[in-house]
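The values are calculated or read from the model by the stated rules, or taken from the named source; none is laboratory data. All of these numbers come straight from a predicted model, not from anything done at the bench. All Cβ positions, glycine included, derive from the backbone under ideal geometry; neighbour counts span all protein chains shown. Note: areas computed on protein heavy atoms with side chains; ligands, DNA, RNA excluded. Shrake-Rupley method; radii C 1.70, N 1.55, O 1.52, S 1.80 Å.
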Number of protein chains: 2
Amino acid sequence: MEMDLNAQVKKAGFFQRLKEFPSKLKDGVTKRIKNVQKFGKDDPRRIIHSLKVGLSLTLVSMLYYVRPLYNSFGVSGMWAILTVVVVSEFTVGGTLSKGLNRGFATLIAGALGVGAVHLARFCGDKGEPIVLGIFVFSLGAAATFSRFFPRIKQRYDYGALIFILTFSMVAVSGYRTDEILVMAYQRLSTILIGGTICILVSIFVFPVWAGEDLHKMVANNIIKLANSLEGFEGEYFPSSEKTSKETNSCVQQYKSILTSKSTEDTLANLARWEPGHGRFRLRHPWTKYLKIAGLVRQCAFHFEILNGYVLSDVKIPQDFISKIQEPCSIMSREACEALKAIAKSIKTMKRDSVCVNAHIENSKNAIQNLRIALKTSSPETEKDLLEIIPGVTMASILIEIVNYVEKISEAVEEFSGLAHFKETLDPKVSPELGQHQLLHRGSVKPVLEGDSEEENNSSPHVVINVHDEQPPTTSEKIVSGVQKTRVGVV
Amino acid sequence: MEMDLNAQVKKAGFFQRLKEFPSKLKDGVTKRIKNVQKFGKDDPRRIIHSLKVGLSLTLVSMLYYVRPLYNSFGVSGMWAILTVVVVSEFTVGGTLSKGLNRGFATLIAGALGVGAVHLARFCGDKGEPIVLGIFVFSLGAAATFSRFFPRIKQRYDYGALIFILTFSMVAVSGYRTDEILVMAYQRLSTILIGGTICILVSIFVFPVWAGEDLHKMVANNIIKLANSLEGFEGEYFPSSEKTSKETNSCVQQYKSILTSKSTEDTLANLARWEPGHGRFRLRHPWTKYLKIAGLVRQCAFHFEILNGYVLSDVKIPQDFISKIQEPCSIMSREACEALKAIAKSIKTMKRDSVCVNAHIENSKNAIQNLRIALKTSSPETEKDLLEIIPGVTMASILIEIVNYVEKISEAVEEFSGLAHFKETLDPKVSPELGQHQLLHRGSVKPVLEGDSEEENNSSPHVVINVHDEQPPTTSEKIVSGVQKTRVGVV
C-alpha cells in the first residue's frame, strides 16, 4: 500500500516536472543568452575580434571562389585558410609574432627540405627513404629540443613548430613527387597571402595593441592598490561615512595583482613585436613595465598580510587605536593619493612628480608622527603589550607599504624618462595637498647624480630642511618637489 | 699627430681582435655546447621528449615510404604529419587533450561542413559561394567568440580552433570539388592515424605524466617553505653552525612559489585528461592540489614580508632578541618539521598526521611561550618600544606562518582521504619529537563531525586537556595525535 502511494507520488512528480520542462528550458536558455550578452558587453573587443576572424576567413575564401585565383593556386589555397585560422590572435603583437614566425620558419624549412630531398636522391632508390628518415628524425628532435630553451620558447616557439612541420612535409613528400619546388613555392606563397590578410585586418580594423593593454594594466594595478589602501583605511579606522561592505570590496581589489605576472609577461613579450602606435614609439621600453609591475606586486603581498588583520577579529584596545589613528590615516590617505597620481601620470604619459613627491613626503612625515605617537603610547601594564601587538604589526606593515609606494614612484620616474613622458611645465598642485600639514621635520635630500637620464641638467641640488614646529607653506613644498624632479625654474 | 696615433692604436686593436677571433669563437662554441648539455642534464626528460617526437615523425612518414599505404591515402598523408607535429606535447595529458580535441573537432566540423556544402548547392550557382561565405563567416566568428569563455578556453580551446579550421576548409573546398566526402574521410582518417601514433608514443615510451608533475611540484613547494623557514631561523637567530651565505640561499627558496600559480593551473588542467597511472587512479582529485597550492602560496607571501626583515639592517636590541629567541626558534623549527612531514606524507602518499599534528601542537605551544616571553619583556622606557617594533612584527608574522602551516596540514588531511592515502597503522613517532616539551597548556579539541569523509567511524571523541606545569609523556602526545586523526586503537 505504502509502495503504491510512493509510486503514485513519484509518477505525479514526474508529470509535474514534464509539465514544467518547457518553461525551465526557456528560463535556462534566456539565462545563457543573457550571460553571453553580458560577457560580450564586458569587453566588446571580443565581439569585434570574432567578427575580424570571420572577415579574414571570408577574404581568404576568395582564393577558392574567384576562378583566376583558384587556377593559379589550386588546392594549396587551403594553406592560406589554415594560416588565417591559426595566426588570427587577439592582439596585433600576437598576430605579428605568429605570422612572422610562420613565414620565416616556412621559408627556411622549405629551403632546407628541398636541399635534403636533392641530397637524398644521390643515395639511390633504397637509400633515399633511409636518408630522408634520418634527416626528419634528427632535425625534428633538435628543433623540438630547442623549444625547451626559455629564450626560444618565449619568442620563437611557434616558429620552431612550423619549422618541424614544413621540413618534414617537404622532405617526406619529396620522396613521392618530383614537383617539390612547385609544392614548396605554393605552400610559401599561400602562407604569405594568409598571413598578410591576417596582419592587415589585425592592424587596420579596430586593432587591439598588446602594448596598450600592458600600459593600461600596469596603471590599473596601481589604482587597485590605491583603492585597496583607501578601503583598508575605511575598514580599519571607520571614521568615514562609507558602509563597511562597500569598503571591503575595495580592500580586496589588490587580489588580482597577486597572480597577474604571467599575463604581464605575455603582454610585454607580444608588445615587442608591435610597430609604433598611438603614443608609443617603436622602441618603447616595454620590459620596464615588468619592473614597475613587480614592485606593485611586492606591495600587493603586503596588502595580503594587512588584509589578514582586517578580517581577523582580534580586538585592539580602543585607546591605542585612537592614538595611532591619525598618523596611520594620513599615511594611508597620502600614499593612496600618491599612487593615484602615479597611475594618472602613467595613463596620461605626463610627468607629475611634484604632486607625487609631495604626497609621499606627507606620508613619510606621518610615519614620523606615528613613531612619536607610539612613543607616547608605551604600554603601562604587561597585558597591554600583548594586546597592542596586532596594532603594532599593522602599523609596521603600513610603513613598509609607504616605502614600496616610494619605490614604485622612483621606478615610474626612471621609466618616464625612457618613455619620453611629457613634462608638466606648469605644475598645478591639487587643492587637497594643503590639507595635511608637514607637522614635523621635512628634509629634502639632494638628488643623486646617477638617478636620472638627464645628466646634462646642471641645476644646483639644494638641501631644504624644514624644522620642527614650523609647518612649511605650500610654496616651499612645491619647491621641494620641483628640486627633486629637476623640473624647471632654472 | 694625435689622430694618427689614435688610428694606429685602433688598427693594432683590430688586428689583435682578428687574431683572437678563432680562439674566442672556439671558447664561445664550447661554452654554448656545455650550456646545452647542462640544460639537457637538468631534466633528461627533455631529451627523451625530443627523441620521442623524432620517433613519431619517422613512424608517420611510413604513410609515404610504404607503397600500399601511400596508395590508399596519397597526399592526405601530410595531415598525419601535421597532426603528429602539432599534437606531440611534453606531457601525456597535453597530448591526449590536443589529440582528442583535434579528433572530435574534425569529426563534428567535417560533418557540418559536408552538410553546409549540400545545403548551399540548393541555392544555385550564383548563390552557392554567398551562402557558403555566410556560413563560414558566422560559424567562424561564433567559434572564435566561444574561445573567450574561460571554461571553454581552459579545456576546449584547441578543439574550437580545429573546428573553425576544418569547417572552413571543407565548406570552401566543397565549392570546387565534388569528392568532398572522400576528402573529409581522408582528412579524418589521417588525423586519427597521426593522433593515435602520438598518443601511443606519448603513453608507452617513457611517459611524462602531468599529474605526477603536479603531485611532485606541490610536495616540493611545501619542502621549499620548510627550507625557507629553516634558513630564516639560521639567519635571524644565528645560533647554528651554518654559514650565513648557506642559509641565505635557503631563505630565498620560497620565491619561486610566489608566481607558480599558472604552472599549477596548467598541470591540474592537463592531469584531468590523463587515465589512471602509477599511484593515481582515474578520478584522482586533481583540483584539490590547487587548494593546497593556494595555501602554500599564501604562506609564501608571509615569507616575502619576513624576508624584508632579514635583509633589512634594522638593529633590534640584543636583550629583546635573546628573550624571544627560544620560543621563536622552537616555533619555526617545529613548523618546519611539520611541513617536512606533510611533504613526505604527500610524496609517499601515506597518512602521517600523528607526526604532523604533534609538531604543530609543539609549535603552537611555543606561541604561548612567546606570548609569555613578550609579557615579561615589556619595554621599560619609551625608546624601547620603538626599537622592538621590528622584532614584534617579525614574531607576529611568524605566528601567522604557523597558523598557515596548520591550515595546510588540514587541507592535506582532507585531501588524503579523497586521494586514498595509505594509513600508517603503526605510527612511529620520529625520535626528535620528545626534545621539545609541551611546556604549557596542550588541549586536544574534539574532532568535528563534518571534518572528514569517514563518517562511519564511530570512535569516541575525547577531549584531552593537558594542564599547565605538567609536561605530558610522549605516549600521551601520541594518543592525542591518534584521536585527532581517528587512526586506530578503537
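Listing for the model above:
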| quantity | calculated |
| --- | --- |
| For B:Trp209, solvent-accessible area (1.4 Å; no DNA, RNA or ligand), Å² | 40 |
| Heavy atoms of B:Val251: accessible area, 1.4 Å probe, square angstrom to 10 | 10 |
| Computed FRET value (nearest 0.05) for A:Gln16 with B:Leu107, which takes r as the C-beta separation and R₀ as 30 Å | 0.20 |
| Binned Cα-Cα distance frequencies in segment B:1-116 - 5 Å width, integer % | 2, 9, 9, 11, 11, 10, 8, 6, 6, 6, 5, 5, 4, 4, 2, 1, 0, 0 |
| Fully extended contour minus Cα-Cα distance, from B:Ile48 to B:Arg283, at 0.36 nm per residue | 81.8 nm |
| Whole-angstrom gap from segment B:83-153 to segment A:272-328, using each part's C-alpha centre | 43 |
| Model label zone, A:Ile134; criterion: amide N under 18 Å from point 7 Å along Cα-to-beta-carbon; scope segment A:167-187 | A:168, A:171-172, A:175 |
| Where A:Lys323, B:Lys422 fall by accessible area, highest first, once all protein chains stay in place (1.4 Å) | B:Lys422, A:Lys323 |
| Label-point separation, A:Lys24 to A:Gln37 (7 Å along Cα→Cβ), nm | 2.4 |
| Computed lengthening from A:Phe149 to A:Lys422, 0.36 nm per intervening residue step minus Cα-Cα distance | 94.4 nm |
| Accessible area in the full protein assembly, largest first, 1.4 Å probe, for A:Cys123, B:Cys355 | A:Cys123, B:Cys355 |
| Given charges at Cβ of Lys, Arg, Asp, Glu: segment A:1-111 dipole, positive-most of A:Ala12, A:Leu107, A:Val87 | A:Ala12 |
| Furthest towards positive pole of dipole, A:Ile164, A:Ala116, A:Ser50, structure part segment A:17-171, Cβ charges | A:Ser50 |
| For segment B:43-204, the fraction of alpha-carbon pairs in successive 10 Å shells from zero, as % | 11, 34, 32, 18, 5, 1, 0 |
| Solvent-accessible ranking of A:Glu235, A:Glu274, largest area first, probe 1.4 Å | A:Glu235, A:Glu274 |
| Solvent-accessible area of B:Asp319 with every protein chain in place, 1.4 Å probe, in Å² to the nearest 10 | 100 |
| Spin-label pair A:Leu200/B:Lys216, simplified geometry with 7 Å Cα→Cβ offset, distance in nm | 5.0 |
| Rough spin-label spacing in nm, given labels placed 7 Å along Cα→Cβ, for B:Asp319 and A:Ala142 | 7.3 |
